[in-house]
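To keep things clear, I will list the structure first and then write my remarks on it.
The values are calculated or read from the model by the stated rules, or taken from the named source; none is laboratory data. All of these numbers come straight from a predicted model, not from anything done at the bench. All Cβ positions, even for glycine, are placed from backbone atoms using ideal geometry, and neighbour counts span all protein chains on display.
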Ligand SMILES: [Cu+2]
């Protein structure tokens, strides 16, 4: 029997607002006690205190929901409710989520478990939960109006099914979806294999997170729920860089990362320094013959992918969405391109009118990562984050895989910045730089150029109000 104190220690929590599940027969007749999380930190893996054993996952900037066993059934209690989520230090958002956070807690069960989930609705409107990817009775699938009545405000519904196949799943409402998902309602679900499975490797570290996106005007707190594509916060588990925790592993670890996409566009997820394979989707583990090495895998909307690799290169390796607009934050999406525009003269005229005027972006946007210009309260700079060698100039869907030879097994703490061995870092060339000869040929072989190759420079002028730029 796990004591309350041990239970919280295994959760990586220290007391606070959480309450332990009670096991008296009177209590079992009531709802499982509500466990709520008040911090956006990455909780330690929840070592299963009851039920079949398994190797738990680590939810980036999230946690796993504790359960109670009731006559062999795993009982969970999810509460749909408004929450305040810190997107990154310096910005909080008023979202909807489950049990105190958005996303909701990860649910971890074992193949063959009978699972009972109580869902209490504390939102201002009705809701349901759809268990994305699961085999279950039709009436448990959670599509409001189609499979069940929506859960009215203030009511609790019960879902119950057997977790029939192992794999990577998620949950989200299927009622007023546009609003409820834009507000942050979603969560991860992992069904661990009951026995050794030929297609499921035992790994040393198993991370999971959901891709989500918000449109929150700088200085405001609530997402605009009607936005279809033009989001300004691209997040992992409702966090953006530099608020996303790093993935800290030991050199030589087998690592699995499970990702689900609940945004409105695709995200090519790219890992530096290692090759991975896609070992599973929301349809289950992939056949061995279908796996090939790659360093980027695309997640379409509504898809899940689990990637696996051997972390055999020490260092701090970037891990991010490869759409460059998805690695920046809110401030800056409407900044005009100024590259190549000569501001001299104009600046003097403007500063006569606006003394604090700053020139932005005439040499590129990198200045913005350095200068951390003043921004409205409760928003995040377009690109930010300080690394050991200066501004990282990132935001949004970006984090770091930290591989260390001295990271202890089971230790998920941030080891700090990697110290590169002397002589292994890119550095300035201080020798002679020869004037390179200009190429003068105009194509060769089967497609020779005709004509004399006179150099011409074209200036394009668009008609209308931009003429002259
Ligand atoms: Cu992306």
Give the residue, chosen from 186, 178, that is in contact (Cβ under 8 Å) with a residue 60 or more places away in the chain, within 20 Å of the chain's Cα centre (by Cα) and farther than 22 Å from residue 72 by Cα.
186
Only one of these conditions is not met by residue 148: (1) touching a residue at least 40 places away in the same chain (Cβ under 8 Å); (2) surrounded by 15 or more Cβ atoms within 10 Å (Cβ to Cβ); (3) farther than 16 Å from residue 97 by Cβ. Which number is it?
(1)
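Yes/no matrix, rows are residues, columns are (1) modelled with pLDDT under 95; (2) on the phi > 0 side of the Ramachandran plot; (3) more than 13 Å from the ligand (Cβ to nearest atom):
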site: 222; (1), (2), (3): yes, no, yes
site: 228; (1), (2), (3): yes, no, yes
site: 231; (1), (2), (3): yes, no, no
site: 238; (1), (2), (3): no, yes, yes
site: 241; (1), (2), (3): yes, no, no
site: 249; (1), (2), (3): no, no, yes
site: 266; (1), (2), (3): no, no, no
Applying the selection to region 39-54, what residues are surrounded by fewer than 17 Cβ atoms within 10 Å (Cβ to Cβ) and under 18 Å from residue 196 (Cα atoms)?
51, 52, 53
Could you pull out the residue among 133, 112, 51, 62 that is modelled with pLDDT under 95 and either more than 30 Å from residue 201 (Cβ to Cβ) or in contact with a strand residue (DSSP E or B) (Cβ under 9 Å, 6 or more places away or on another chain) (or both)?
51
Single residue of region 223-250 satisfying the filter (in contact with a helix residue (DSSP H, G or I) (Cβ under 8 Å, 6 or more places away or on another chain) and assigned to a strand (DSSP E or B)) that is surrounded by the most Cβ atoms within 10 Å (Cβ to Cβ):
234
